[in-house]
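K.L.:
Here it is, the structure, as structure tokens.
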Number of protein chains: 2
Amino acid sequence: MTGERRVRGKPVMMDVARLAGVSHQTVSRVLNEHPSVRSETRERVLRAMEELDYRRNSAARALVTNRSHTLGLVTFDTTLVGPSSTVYAIERAARDAGYFVSVASARSLDEGSVANAINRLREQAVEGIITVAPMDSALAALARVPADIPLVGIGVGEAMGVPMVSVDNIAGAAMATKHLVDLGHATVHHISGPPEWPETRERVTGWRTTLRQVGAPEAPVLSGDWSSRSGYEAARMLASDPNVTAIFCGNDQMALGALRALHEAGRDVPTEVSVVGFDDIPEAAYLLPPLTTVQQDFAALGRASLELLVEQITAGVRTQQHMRFPPELVVRESTGR
Amino acid sequence: MTGERRVRGKPVMMDVARLAGVSHQTVSRVLNEHPSVRSETRERVLRAMEELDYRRNSAARALVTNRSHTLGLVTFDTTLVGPSSTVYAIERAARDAGYFVSVASARSLDEGSVANAINRLREQAVEGIITVAPMDSALAALARVPADIPLVGIGVGEAMGVPMVSVDNIAGAAMATKHLVDLGHATVHHISGPPEWPETRERVTGWRTTLRQVGAPEAPVLSGDWSSRSGYEAARMLASDPNVTAIFCGNDQMALGALRALHEAGRDVPTEVSVVGFDDIPEAAYLLPPLTTVQQDFAALGRASLELLVEQITAGVRTQQHMRFPPELVVRESTGR
DNA sequence: TCCAGAGGTGTGAGCGTTAACACTGCCACC
DNA sequence: GGTGGCAGTGTTAACGCTCACACCTCTGGA
């Protein structure tokens with residue numbers, strides 16, 4: 001009755017063992033690359049596994065080892081270029097590190113929704129969690145996660161006890177603003193992202209600080225929601241004011257909308273008005289005119305966050321760390337004087 | 001020794017049972033919402049669970065029920081707008097249907113890479129797989145998956161035995177081409193995506209068929225890689241030819257690049273040349289000029305694929321089905337005569 | 001009065017794997 | 001020629017849960 005088992009459902013370790021004429025433990029050893037298995041035996045076992053198309057039962061393994069080999073990813077709106085590139089980079093890095101990736105998206109901006117996503121991941125016994133949800137609500141939810149579960153927040157601002165990875169938004173915004181001031185603009189206007197995003201506030205800070213340093217007047221911030229539409233609408237208000245000659249936008253999508261609004265208002269870019277974006281989306285170089293912007297390396301962000309997480313998992317301690325990546329100004333044709 | 005267990009590691013069902021003064025089986029019943037538990041008992045158990053911050057061990061559960069409650073998602077390049085919106089929609093729908101989502105990305109375009117991603121998901125014992133990787137290689141890999149594992153391919157062309165969800169690309173391309181012809185253009189040029197994508201070929205077919213129907217001459221297809229850069233380069237070659245007055249691009253990013261190339265060549269859009277894209281990315285309405293394009297509902301695609309997958313899981317049979325979604329032409333200002 | 005049946009609960013087995021330990025040869029060493 | 005050790009293998013006991021079944025207690029109908 002050797003084959004009896006195979007008929008009813010998937011083969012298990014014991015089936016492989018029988019076929020190879022060894023004990024199930026030897027099969028386990030082969031599977032886990034234990035050194036002390038005679039190579040001839042190993043071959044026999046491998047052949048048997050192949051013949052039966054055996055795959056180990058990950059649930060049983062997880063149960064006994066108490067490790068799921070799975071990481072959790074909390075995302076918010078994967079439609080945004082930044083988050084989606086980051087997620088992609090994380091998945092690749094996770095695979096290389098031997099982890100599976102499970103995702104849970106927050107349905108809305110509120111803390112409960114993020115907490116809910118985190119809970120779903122914990123139900124699955126993930127070994128660690130990375131949040132790609134750079135809003136304040138995520139931070140609040142993160143702060144409530146018990147300290148024994150490894151955690152990394154991306155772009156989520158400062159918080160006690162939560163390891164973080166982010167771009168140096170203050171420096172990035174300062175670079176953009178400085179660039180415009182250096183071109184001879186009396187001041188720089190700013191169309192920001194939603195205020196409940198830490199990145200937005202950091203960019204506002206970088207912009208404002210720079211203006212103060214050079215003694216330029218500060219205009220009130222107009223805030224959008226990262227969309228082209230919101231950038232368009234904000235810029236339309238700015239376009240009619242002849243004093244506006246330089247606009248720093250919180251991201252490239254809004255800059256794209258601003259470009260359109262300025263065009264409609266008959267104000268040429270860059271001869272009359274200069275525009276700078278943030279992110280450097282792949283399309284930025286092909287806009288009319290090509291967009292000067294602050295480039296951030298989303299993939300590096302993803303890889304770093306994974307590294308930080310794995311470090312915590314192996315060490316068993318939450319690293320108290322905040323990694324900041326320097327962005328880079330890419331000057332194209334949307335700025336001048 | 002009631003509390004002894006709790007000190008060393010996470011609480012298990014037995015700990016909750018002891019605290020609530022019931023058997024572990026009753027705890028299980030409460031957890032699984034079994035009807036025959038006295039509500040007073042249920043309350044007591046729930047309180048105990050809360051007090052201990054108990055979470056059931058999903059591995060143990062999966063082991064005994066032989067269900068992982070997890071679906072697998074194969075992605076290729078989540079940086080593209082289409083796939084990333086689809087992934088997002090799938091995750092949401094999966095959660096509503098009570099499933100977790102595990103992702104695996106294909107590292108490159110070849111079949112081995114996709115097969116590898118599928119294998120990783122199978123190792124995790126996912127109950128079904130959706131591929132958001134609309135290349136031929138994915139189709140080839142899908143065709144090799146044993147018939148007993150539920151499967152849905154998105155936008156991956158025709159294949160024997162693999163349930164499919166896609167946009168009706170032929171109809172979409174035909175709509176775009178017809179629109180241009182109706183505006184009075186003698187013919188329509190096409191900048192396509194990479195030929196190894198079924199969607200590319202379908203769009204080429206829709207375009208070509210329409211041209212033949214109206215008796216317009218057919219120009220050779222220029223093919224890009226979906227990027228703005230490739231659209232720009234292809235359009236640059238077209239721009240110098242005065243006979244080119246209408247260009248249908250395989251996606252919006254390439255159309256964006258084409259817009260720039262035409263501008264550089266001094267050919268006005270839409271008075272001299274008309275441009276149509278595909279996808280309707282959120283930025284399309286804010287380009288210079290706003291882009292006429294073929295809109296597809298990525299979210300609907302995602303939801304439909306999930307529905308199809310869940311159907312297969314519950315039925316235990318692979319549904320032989322191909323759902324096609326009609327796209328919609330959105331006329332903006334990049335087309336005219 | 002008794003028994004059938006249902007509501008409510010407990011007991012024991014078993015899911016497929018790994019860890020710990022036990023066992024068998026064989027070699028090297030004194 | 002015993003003793004120690006190691007390579008190679010098998011045996012057994014968990015891991016935490018659900019399922020099947022057994023067991024009570026109560027109700028209602030014959």
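K.L.:
Based on what the data block shows, is B:V64 open to solvent by 70 Å² or more (accessible area, probe 1.4 Å) and of a type in the set (V, I, T)?
P.N.:
In short, yes.
K.L.:
Say we look at the range A:35-62 and pick out the residues that are charged (D, E, K, R) and away from every other protein chain (no Cβ under 14 Å); which of these is nearest to DNA strand D (Cβ to nearest atom)?
P.N.:
Going through the qualifying residues, I end up with A:R38.
K.L.:
Somewhere in the range A:31-43, is a residue open to solvent by 40 Å² or more (accessible area, probe 1.4 Å) and assigned by TED's automatic domain parsing to the domain that holds A:L309?
P.N.:
There is no residue in the range A:31-43 that is open to solvent by 40 Å² or more (accessible area, probe 1.4 Å) and assigned by TED's automatic domain parsing to the domain that holds A:L309.
K.L.:
Related question: Which numbered condition trips up B:M49, out of (1) closer than 30 Å to B:M14 by Cβ; (2) outside the structural domain of B:G9 (by TED's automatic domain parsing)?
P.N.:
(2)
K.L.:
Let me ask you something else. Can you confirm whether A:A104 is away from DNA strand C (no atom under 16 Å from the Cβ) and without any contact (Cβ under 8 Å) to a residue 40 or more places away in the chain?
P.N.:
Yes.
K.L.:
While we're on this one: For the range A:311-327, which positions are in contact (Cβ under 8 Å) with a residue 40 or more places away in the chain, in a loop (DSSP other than H, G, I, E, B) and open to solvent by 60 Å² or more (accessible area, probe 1.4 Å)?
P.N.:
A:Q320, A:Q321, A:P326
K.L.:
Within the range A:299-315, can you find the residues that are over 11 Å from A:I154 (Cα atoms), out of contact with any Lys or Arg (no Cβ under 9 Å at 6 or more places or on another chain) and of a type in the set (S, T, N, Q)?
P.N.:
Scanning the range A:299-315 gives a single hit, A:T314.
K.L.:
Looking at the range A:1-87, what helices (runs of 4 or more DSSP H) fall wholly within it and have at least 3 residues that are closer than 30 Å to A:W226 by Cβ and either more than 10 Å from DNA strand C (Cβ to nearest atom) or at pLDDT 90 or above (or both)?
P.N.:
none
K.L.:
Please determine whether any residue of the range A:191-206 is assigned to a loop (DSSP other than H, G, I, E, B), surrounded by fewer than 24 Cβ atoms within 10 Å (Cβ to Cβ) and hydroxyl-bearing (S, T, Y).
P.N.:
No, the range A:191-206 contains no residue that is assigned to a loop (DSSP other than H, G, I, E, B), surrounded by fewer than 24 Cβ atoms within 10 Å (Cβ to Cβ) and hydroxyl-bearing (S, T, Y).
The values are calculated or read from the model by the stated rules, or taken from the named source; none is laboratory data. For clarity, every value in this text was computed on a predicted model and none was experimentally measured. With ideal geometry, Cβ positions are generated from the backbone for all residues, glycine too; neighbour counts draw on all protein chains shown. Accessible surface is based on the protein model in full, side chains and every heavy atom, while ligands, DNA and RNA are left aside. Shrake-Rupley method; radii C 1.70, N 1.55, O 1.52, S 1.80 Å.
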